[in-house]
């Protein structure tokens, strides 16, 4: 017994259930206090949603980047040299984007160790998918981007 108490005001409940019609669950109660039921929550910097998709997490990263882009626009208004604005981008915006890429890439490396084979890194996977999509567009005369 470590004498830790659960703070029900900071505790949330999220149910992950992929059935078409999940049953209605009674509210969770701890020490006569009802725990809030949520569709998503943030855990160790990662937004986790009820459907276990990445949309909410990616949206939060994009929002962070957009907020920082505001400051980059302000620097441009003051006619700062491109080199300084590039430094600002690398330090403040790029770091937000790359931090999650590194975290995601760790999952790929873990999968490699589990499977015992080399898997493509996320950058290579992205490039191959873009090339495949471009090839499909080139081959499809009815595609709106075919003549670009």
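Rule-based calculations on the coordinates, nothing more; no lab input. It should be emphasised that the depicted structure is a prediction, and the values quoted were computed from it without experimental measurement. Cβ coordinates were reconstructed from backbone atoms using ideal geometry, including for glycine residues, and neighbour counts include every protein chain displayed.
Between residue 102 and residue 33, what FRET efficiency follows from the Cβ-Cβ distance if R0 is 25 Å, with the result rounded to 0.05?
E between residue 102 and residue 33, to the nearest 0.05, is 0.05.
What 222 nm value per residue comes from the helices of the chain, counting each DSSP H run with n ≥ 4 as -39,500 (n - 2.57) and dividing by all residues, nearest 500 deg cm²/dmol?
-15500 deg cm²/dmol
Would you please classify the overall shape of segment 1-97 from the alpha carbon gyration tensor, given that a ≥ b ≥ c denote the square roots of the eigenvalues, rounded means a/c under 1.5, and beyond that prolate means a/b larger than b/c while oblate covers the rest?
prolate
Run the numbers for residue 11 and residue 138: contour at 0.36 nm per residue of separation, minus the present Cα-Cα distance, in nm.
40.5 nm
With both bridge residues required to lie in the chain, what share of the DSSP beta bridges run antiparallel, to the nearest 5%?
Percent antiparallel among DSSP bridges in the chain is about 75.
If r is the Cβ-Cβ distance from residue 126 to residue 42 and R0 is 22 Å, what FRET efficiency results, to the nearest 0.05?
After rounding, the FRET efficiency stands at 0.30.
Which whole-number percent gives the relative contact order of the chain, counting Cα pairs below 8 Å spaced six or more residues apart?
Taking the mean separation of contacting Cα pairs over the length of the chain, I get 12 percent.
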